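Have a look at the structure below before the remarks.
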Amino acid sequence: MKDVPYDNLLNYQVVNHFKNNESCTSKYGLAKNLKFLIYGEGIEVDKFYPRCFDLSDLSQFEDWIEDYKFTRNEAILKNFLSNWDDNSQISDN
């Protein structure tokens, strides 16, 4: 999205936009600012804000890969345990 051309606005024109406001209006900008709470205040952001990653940043891309692997493996394990519980109940009868 292009920024508003503030220099070309006429005196009577009003916009509902703040210059350079990406840090609080984009999901990544907000997440980046919230992650600073971890360092400054010791608050665990992941407990109240969804995970997100800037995939153009190599370090965060690698974090995303690890998060994906963990989440996928967790889903496979939960599915296995769910099916195992169902089968063990059937065989107990």
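The values are calculated or read from the model by the stated rules, or taken from the named source; none is laboratory data. All values reported here derive from a predicted model rather than from experimental measurement.
All of (1) at pLDDT 85 or above; (2) part of a helix (DSSP H, G or I) hold for LYS32 with one exception: (1). For the range 39-54, the count of residues that are in a helix (DSSP H, G or I) and either of a type in the set (A, V, I, L, M, F, W, C) or modelled with pLDDT of 90 or more (or both) is at least one.
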